Amino acid sequence: MDQALEQARAAAGRGEVPVGAVVVAPGGKVVAAAGNRTRELNDPTAHAEILAVRAACAAAGSERLPDHDLYVTLEPCAMCAAALAAARIRRVYYGASDPKSGGVAHGARVFSHPQAHHVPEVYDGIAATEAAALLRSFFAAQRKPPTPK
């Protein structure tokens, strides 16, 4: 999760919502890492999870990652949860929960639907305090009025 937090901090530094993700292969090797890039790429699908899964699939030469785990700093949204199911990710570890836009424990609860083709093991609350603090700090700075010149 430390590497996912590094990716989240880097995303914040680029002006992106601070979410980071890493995909880990069997044996614990990190095969992909990404932070949000929706603004930079002008792509609403460029969430950290999606970018990390795309890179991991490219590295594996497969659209499926059945023995891989994903670590992400924020509960995946419904779009990302559906992509994780399609990629057959084995386990999802996430930090902060997302009652507003989450798609795993909140909102759509993608993995609990009978239409879910694959249900990964899910572990929440991993480094949740630090992940939530990054998000709170980022959004507080966004709401701060500009300094007068």
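The values are calculated or read from the model by the stated rules, or taken from the named source; none is laboratory data. In this text the structure is predicted, and so the values were computed from the model without any measurement. For neighbour counting, all protein chains shown are included, and Cβ atoms are generated from backbone atoms with ideal geometry for every residue, glycine included. Side chains are part of the model used for accessible areas, which takes the heavy atoms of the whole protein and leaves out ligands, DNA and RNA. Shrake-Rupley method; radii C 1.70, N 1.55, O 1.52, S 1.80 Å.
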Keeping all protein chains in place and using 1.4 angstrom, which order do Leu74, Leu84 fall into by accessible surface area, from largest down? Leu74, Leu84
Ranked order, Arg88, Arg64 - accessible area, probe 1.4 Å, largest first: Arg64, Arg88
In order through the range 21-30: 3J(HN,Hα) via Karplus (6.51 cos²θ - 1.76 cosθ + 1.60), integer Hz, x for Gly, Pro: 9, 9, 10, 10, 7, x, x, x, 7, 6
Val119 accessible area, 1.4 Å probe, all protein chains in place, Å² to nearest 10: 80 Å²
Ranked by how many other beta carbons lie within 10 Å on average, peptides 127-137, 41-51 from highest: 41-51, 127-137
By accessible area with a 1.4 Å probe, ligands and nucleic acids excluded, highest first: order of Tyr94, Tyr123, Tyr71: Tyr123, Tyr71, Tyr94
Gain in span if fully extended, Ser62 to Ala10, counting 0.36 nm per residue against the direct Cα distance: 15.9 nm
Which distance in Å, rounded to a whole number, links the C-alpha centroids of the range 93-111 and the range 40-91? 15 Å
Angle, helix 48-60 long axis vs. longest principal axis of the chain, Cα atoms, 0 to 90°, nearest 10? 40 degrees
Can you list which of the trypsin sites (Lys or Arg not before Pro) found in the range 1-43 are DSSP loop residues with at most 10 other C-beta atoms within 10 Å? Lys29
Going by amide H atoms built from the backbone, whose H comes under 5 Å of the H on Val31, apart from near neighbours? Val23, Val24, Ala25
In whole angstrom, and with the biggest value first, how far do the Cα coordinates of the chain range along each principal axis? 54, 30, 28
Nearest 10 degrees, 0 to 90: what angle lies between the long axis of helix 128-143 and the longest principal axis of the chain (Cα atoms)? 40 degrees
